[in-house]
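For reference, the structure discussed in these notes is given below.
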Amino acid sequence: MQQAQNRSRDLCRRRETHPTGGAAGAGRFIVGFDNDPPTIFQRQIDFIQKSGIVTAMVGLLQAVPGTKLHERLLKQGRLLGRTRATTSMAHELHPRMNRIALRDGYRQLMDHLYAPGPYYRRIRTFLREYRPSRSSGAATPENLGAFARASVRLGIIGRERFHFWGLLIWTCFRRPTLVPLAVRLSIYGFHFRKCCAALGA
């Protein structure tokens, strides 16, 4: 990735010293590099959980036309057809890692990250350190409506009901001004769990 500046930095520590940076605890990750060992999936889980990156968007490596990666893999004869998972018309590739191991490891990674327990723990980690520059949301009719719908879908019907109410109670006592953000992040988690379920279809 040619991100040499990251090699000598503790990225978790850097995120803690800049808690207002980023889009409410979002981060992007990739698996499938040639030098990724079989332990890469657990290592990413450990880092994401420790850092409190709530919406961790993890993707499989793809070769985008015009990049050095695409040129190298093209020369090596390792490009497959264009992927359907992106609008960039990137190409799938023959990974160095066993394809089944990569596929299964990726699914397990995503399933773990967005299971209710790990996901709601990341929300708490994030909210402990988050210092917003402004209020996370006023009590508007739209916000109240979102809370009412989330209370039913996540707090009554959903399998995460205990995690959801536990988070809201914790936030009310520890970071009361961030309750709207806690509800929003809970809704994001429901969406990502749906996406993860589609991966195993």
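The values are calculated or read from the model by the stated rules, or taken from the named source; none is laboratory data. Predicted model, so just to flag it, every value in this text is computed and none were measured. When we count neighbours, we look across all protein chains shown, and the Cβ atoms used for this are built from the backbone with ideal geometry, even at glycine. Ligands, DNA and RNA are excluded from the accessible area calculation, which covers all protein heavy atoms including side chains. Shrake-Rupley method; radii C 1.70, N 1.55, O 1.52, S 1.80 Å.
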(Q) Considering only segment 85-102, I want to know if a residue exists there that is open to solvent by 30 Å² or more (accessible area, probe 1.4 Å), at pLDDT 90 or above and polar (S, T, N, Q). (A) yes
(Q) Kindly evaluate Tyr106 against the criterion of being surrounded by 20 or more Cβ atoms within 10 Å (Cβ to Cβ), touching a helix residue (DSSP H, G or I) at 6+ places or on another chain (Cβ under 8 Å), hydroxyl-bearing (Ser, Thr, Tyr) and within 30 Å of Arg43 (Cα to Cα). (A) no
Q: Could you grab the pairs with beta carbons closer than 6 Å, sequence gap of 6+ or different chains, first residue in segment 43-71 and within 12 Å of Phe29 (Cα to Cα), second one surrounded by fewer than 18 Cβ atoms within 10 Å (Cβ to Cβ) and of a type in the set (D, E, K, R)?
A: Met57/Arg28
**Q.** The listed residue being in contact with a strand residue (DSSP E or B) (Cβ under 8 Å, 6 or more places away or on another chain), open to solvent by 80 Å² or more (accessible area, probe 1.4 Å) and at pLDDT 60 or above, out of Arg78, Arg82, Arg43, Arg7
**A.** Arg82
Q. Do we find that Glu129 is touching a residue at least 12 places away in the same chain (Cβ under 8 Å), in contact with a Phe, Trp or Tyr (Cβ under 9 Å, 6 or more places away or on another chain), surrounded by 12 or more Cβ atoms within 10 Å (Cβ to Cβ) and acidic (Asp, Glu) in this structure?
A. no
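Go through the residues of segment 135-142 one by one and say whether even a single one is modelled with pLDDT of 95 or more, open to solvent by 70 Å² or more (accessible area, probe 1.4 Å) and either hydroxyl-bearing (Ser, Thr, Tyr) or farther than 30 Å from Gly77 by Cα (or both). Quick ask: steps written out before the conclusion?
Here is the first cut: in segment 135-142, the residues modelled with pLDDT of 95 or more are none.
Among the residues of segment 135-142, not one is modelled with pLDDT of 95 or more, open to solvent by 70 Å² or more (accessible area, probe 1.4 Å) and either hydroxyl-bearing (Ser, Thr, Tyr) or farther than 30 Å from Gly77 by Cα (or both), which makes the answer no.
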(Q) I need every pair where a residue in segment 163-178 that is in a helix (DSSP H, G or I) has its Cβ under 7 Å from the Cβ of a residue that is open to solvent by 10 Å² or more (accessible area, probe 1.4 Å) and of a type in the set (S, T, N, Q), sequence separation at least 6 or different chains. (A) Thr177/Ser135; Thr177/Ser136; Leu178/Ser136
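Identify, from the list Arg72, Arg124, the residue that is at pLDDT 90 or above and either of a type in the set (Phe, Trp, Tyr) or surrounded by 15 or more Cβ atoms within 10 Å (Cβ to Cβ) (or both). I'd like the intermediate steps shown before the answer.
Numbers: Arg72 fails: either of a type in the set (Phe, Trp, Tyr) or surrounded by 15 or more Cβ atoms within 10 Å (Cβ to Cβ) (or both).
Result: Arg124 is the single residue among Arg72, Arg124 that is at pLDDT 90 or above and either of a type in the set (Phe, Trp, Tyr) or surrounded by 15 or more Cβ atoms within 10 Å (Cβ to Cβ) (or both).
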